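Taking it in order: structure first as structure tokens, then the write-up.
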Number of protein chains: 2
Amino acid sequence: MDTEFAELLRDRNLKATPKRLELLSVVAKYNSAIPYSELQKSLHHFDRVTLYRTLNALLDGGIVHKASVSNEEVYYAMCKHYCSSEGHHHKHVHLKCKECLEVSCVEAKNTIVIDIPNVEIDNVEIEVQGTCSKCL
Amino acid sequence: MDTEFAELLRDRNLKATPKRLELLSVVAKYNSAIPYSELQKSLHHFDRVTLYRTLNALLDGGIVHKASVSNEEVYYAMCKHYCSSEGHHHKHVHLKCKECLEVSCVEAKNTIVIDIPNVEIDNVEIEVQGTCSKCL
DNA sequence: TAACAAACGCAACATTGTTGCGTTTGTTAA
DNA sequence: TTAACAAACGCAACAATGTTGCGTTTGTTA
């Protein structure tokens, strides 16, 4: 009788502690990427260091990922299945809507190809600012 | 008898003070995007707050821009001519080389088109991690 | 060159990152 | 089921950076 989150954690050799399960539940329930300040608010009973270390553990484990938006607040969202402790492999784009201010992970319609002469590309992170479909 | 930098500043209604000119000179001389720690080192005689406010003034004025690299250190680089106090409009990509660790602004060979259904896109920021031409 | 607004230095406080260490707890094997 | 260990947690403490207020200095303009 294991929850899905506990399984996720143990798969990465992380103990399924109540704190981690609670944090995951908060991140997953949020309908878009959750800003750090919201995490603090929802988890105000967490010690500051515990939140810090728990987030780091989940980031390292490829369970959640950061979406930094133009050097402002940091947002967190659940990873897709293809992330692991080996690394993050997101194929989506982080969109920050200027109307509702929400940050979401969206799939681009086209395949994004970036070709830079004489450069070997390992990973690409794309941040888009604009207006989301809800607000249009 | 105005330097190019002084002109840049006055165009944005910013006073051409020695501090600002010195900071611009440091940023411009650096062969790639300069990390914040390097700025501090080169400008250790600046008050911490002065560096902070000077950078903000130049960022707001569209004279320099930030290149944040996966939530690590922040890098700064000179803007191109088409940036102004109205906003930044970069068409380049920020590349962090995993070998030399340098961050540079490079032009992509192809036009980067990102199409997301029902989303109106204003601005796109792209961060690439890989190996630069020098290190290949 | 005088006068004003902007820029600067200093002090002070807030937020977040980061580490050490003693205690608590999840996990595993007996 | 439980004992034992390693991991996770809370607390204290310190570092780095962000941010604001205020009095003084300085660039700009008339």
Residues whose modelled amide H sits under 5 Å from the amide H of B:Glu102, counting only those 5 or more places away in sequence or on another chain, are B:Cys97
Mind listing the label-point distances from A:Asn110 to the same position on all other copies, shortest first, one decimal in nm, points 7 Å along Cα→Cβ? 0.8
Taking a label point 7 Å from Cα toward Cβ, how far is A:Lys41 from its twins in the other copies, in nm, shortest first? 4.1
Pseudo-label separations to other copies for B:Glu73 - Cα-to-Cβ vector, 7 Å, nm: 2.8
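Over all residues in A:103-115, what is the mean tally of Cβ atoms on other chains that come within 10 Å of each residue's Cβ?
Counting Cβ atoms of other protein chains within 10 Å of each residue's Cβ and averaging gives 4.
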Which trypsin sites (Lys or Arg not before Pro) from the range A:1-76 combine a DSSP loop assignment with at most 12 other Cβ atoms within 10 Å? A:Lys15
Enter the angle in degrees (range 0 to 90, nearest 10) between the Cα long axis of helix A:48-60 and the first principal axis of the Cα atoms of chain A, meaning the one along which they spread out most. 60 degrees
How high is the FRET efficiency between A:Tyr52 and B:Asn13 when r is their beta carbon distance and R₀ equals 41 Å, given to the nearest 0.05? 0.50
Mind checking which of A:Leu58, A:Leu14, A:Leu24 has the largest fluctuation in a GNM of chain A, springs on alpha carbons under 10 Å? A:Leu14
What translational diffusion coefficient, in µm²/s and rounded to a whole number, does the Stokes-Einstein relation yield for the range A:1-90 at 4 °C and a viscosity of 1.567 mPa s, taking the hydrodynamic radius as the Kirkwood radius over Cα pairs? 98 µm²/s
Span from the the range A:82-124 Cα centroid across to the the range B:1-26 one, whole angstrom: 37 Å
Within the set B:Asp47, B:Asp122, B:Asp11, GNM on chain B using Cα springs under 10 Å gives the largest fluctuation to B:Asp122
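Rule-based calculations on the coordinates, nothing more; no lab input. Not measured: the values here are computed from a predicted model. Don't worry about glycine lacking a Cβ; one is built from the backbone with ideal geometry, like all the others, and counts go over all protein chains shown.
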